[in-house]
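Engineer: Dropping the structure in here first, questions after.
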Amino acid sequence: MTMKLPVSALAVLVLVACTPVARSDGHATGKDITRRMDPCSTADHEIRMAIEVGDDRHASICRADGVGDCLYSFELGKTFIHANLDLNFDGREDYMIKDFSGAYGMHDVVHFMGFASCPGGFSVKVLDDFFTDVRPREARKTWADLQVSRACFDEGKGETGTRKYTVAFDSARSAYGPPDGNPALTEYCGPEELALPLTPAHE
């Protein structure tokens, strides 16, 4: 004898069958991680940016939908293209940008922003931090690691010292994480950073 399920019960079964299964250990599935590693797929209109490059590598960064004023403009003239690179190896040109529009005290650091180019013709910010220099280091799965440095002035010692770190893409944030994955280094040239040993000059 064949048992017939009510329509409501069938609907529940179909819904369960189509829902991604989360792992019992609380970790994301491969599909979830892949989605989070693609910031273009989750970017809303407020963070979709249009980047233009002008004379002397000046950069203009405005919302791609044209709403509001540009965040950084040619007229202000303090934002520049630092490097053109392919951060996630998708064949599109991404941007590493230096912004000199702020004041950073006695430290030799600059506001760096990294933007990934997306299929829809817009860019999404994936790096926003303060460094002295930023360079691609090596491929790490689908995103390049970055080697960064910070030259911080230590008032106690009366001198500037440089430290180097690795910055890796954090799939949970859909963006690059803090230096060496250490949240304490989110504050540049803070007490936690000044307590770390300096990087030897030959490295």
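Every read-out reported here was derived from the displayed coordinates using simple, explicitly stated rules and does not represent laboratory data. Note that the coordinates shown come from a computational prediction; the quantities given were computed from them, not determined experimentally. Cβ: placed from backbone, ideal geometry, glycine included. Neighbour counts: every protein chain shown.
Engineer: Among the GluC sites (Glu not before Pro) in region 45-89, which ones are in a DSSP loop with at most 10 other Cβ atoms within 10 Å of the Cβ? Mind listing them?
Structural biologist: The qualifying sites are GLU75.
Engineer: May I ask you to list the trypsin sites (Lys or Arg not before Pro) in region 133-203 that are in a DSSP loop and have at most 15 other Cβ atoms within 10 Å of their Cβ?
Structural biologist: Listed in order of number, the matching sites are LYS141, LYS157, ARG173.
Engineer: For HIS58, what is the net charge nearby, where nearby means another residue's Cβ is under 15 Å from its Cβ and Lys, Arg count +1, Asp, Glu -1?
Structural biologist: With Lys, Arg at +1 and Asp, Glu at -1, the net is -2.
Engineer: Whose amide H sits under 5 Å from the amide H of TYR72, counting only residues 5 or more places off or on another chain, with H placed in the peptide plane?
Structural biologist: ILE61
Engineer: Computed FRET efficiency, Cβ-Cβ of GLN147 and ASP56, R0 25 Å: what is it to the nearest 0.05?
Structural biologist: Using R0 = 25 Å, I get an efficiency of 0.45.
Engineer: Next up: Near the amide H of ASP128, under 5 Å away, which other amide H atoms are found, from residues 5 or more places off or on another chain, if H is placed in the peptide plane?
Structural biologist: Amide H neighbours of ASP128, under 5 Å, 5+ apart: GLY114.
Engineer: Grab the beta carbon distance between ASP170 and ASP108, set R0 = 25 Å, and tell me the FRET efficiency rounded to 0.05.
Structural biologist: Given R0 = 25 Å and the Cβ-Cβ separation, E is 0.45.
Engineer: Residue farthest toward the positive end of the dipole of region 38-119, with Cβ of Lys/Arg at +1 and Asp/Glu at -1: which of PRO39, HIS111, GLY54?
Structural biologist: HIS111
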